[in-house]
Amino acid sequence: MTGAVAAAPVFGYHGNMKKLTVFFFFCILLIPPYASATTDYARQTGFECRVCHVDAIGGGPLTKAGEQFIEDMRAKGLYRPLKTSQKIVRFVIGYVHLLTAIAWLGTILYVHILLKPAYAAKGLPKGELVLGWMSMTVLAGTGTLLSIARIPSWGALLTTRFGVLLSIKIAFFLVMLTTAVIVTLFVGPRLRRSLTANRTAKGRALGGEQHMTPEELSHCDGREGRPAYIAYAGRIYDVTTSRLWKDGSHARKHLAGNDLTAALKTAPHGEEKVIAMNPVGELSTTAEKAEKPFHEKLFYFFAYMNLVFVFLIVFIIALMRWW
């Protein structure tokens, strides 16, 4: 996923995920119910809501004038009435669309704000990649159906307030979809190849011993087939084959790819457990920062651009519903 991007936090990962899940479901409860009536018609006619609705504040049963107005709108192709069965189908599709949008946009926010973009600079994680493409596919399909149900003609996309805002939201989504294609097919594979080539070259130059910066160490997190390395007292140890470091995680508290020198002070065992592991190199904190290649710069640009788009899309949704 283009939004998936720097090293995961060492502590509290699972706790944060649980809290985030509860937060998103709580947000669902705050979303007001959908209403077919909008203020667009009042702006077009200059009438107050009570002219067309029995209830003075709008919504619900229509007056004779309201029924006539709808009939005129339908004749002009500006209104599409739905049968009860169609409304039920629209409700189900809308629910799936909303739930998928929360999962997709929420993941982007979580990864970018809490994990930081460098999280995926080592190569796009398969889990996030699959979730991203599934979400975008579902959103494209359900969004198309919902737009057909709401927009009676192409002209409504440019002549009504709702249509214009919807068009802008679709444009942002298409740009994010394009960046996902570029990152998945071109940028992601180059990130993985560059990481592998760089690690191999360093190993050969040092006779098998590697000097790694903290950022390079974070790439060896034991996930997606990558080796699991940890650092202690300036040395780097390979814990890939240790049964205590399955999938790069130890006791659900410590993650591979990190310097655990400080964390060992609170461990129930001493340093003998760490130094017994296979040493593979040294941790360097003074090495000069290498110039990032173009594909990596492009990856970071897309990542932060999509983060901005998330805020813009949510802003547009707020305008459509509450302004």
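The values are calculated or read from the model by the stated rules, or taken from the named source; none is laboratory data. This structure is a prediction, so every number in the text was calculated from the model and none was measured. We place every Cβ from the backbone using ideal geometry, glycine too, and count neighbours over all the protein chains shown.
Below, the figures for the structure above:
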quantity: Residues that are under 26 Å from the mean Cα position of the chain (by Cα) and either surrounded by fewer than 20 Cβ atoms within 10 Å (Cβ to Cβ) or at pLDDT 80 or above (or both), drawn from segment 199-217; calculated: PRO214, GLU215, LEU217
quantity: Any hit, segment 240-252, residues being in a loop (DSSP other than H, G, I, E, B) and modelled with pLDDT under 85; calculated: yes
quantity: Output for segment 71-92, where each listed residue is crowded, with 16+ Cβ neighbours inside 10 Å and either touching a Gly at 6+ places or on another chain (Cβ under 9 Å) or modelled with pLDDT under 80 (or both); calculated: MET73, LEU78, TYR79
quantity: VAL239 being closer than 28 Å to PRO189 by Cβ and surrounded by 12 or more Cβ atoms within 10 Å (Cβ to Cβ); calculated: yes
quantity: Subset tally (residues that are modelled with pLDDT under 85, in contact with a Ser or Thr (Cβ under 7 Å, 6 or more places away or on another chain) and surrounded by 14 or more Cβ atoms within 10 Å (Cβ to Cβ)) for segment 272-302; calculated: 1
quantity: Conditions (1) modelled with pLDDT of 80 or more; (2) surrounded by fewer than 19 Cβ atoms within 10 Å (Cβ to Cβ); number of the one not met by TRP104; calculated: (2)
quantity: Count - residues of segment 254-271 that are surrounded by 15 or more Cβ atoms within 10 Å (Cβ to Cβ) and either outside any loop (DSSP other than H, G, I, E, B) or not β-branched (Val, Ile, Thr) (or both); calculated: 10
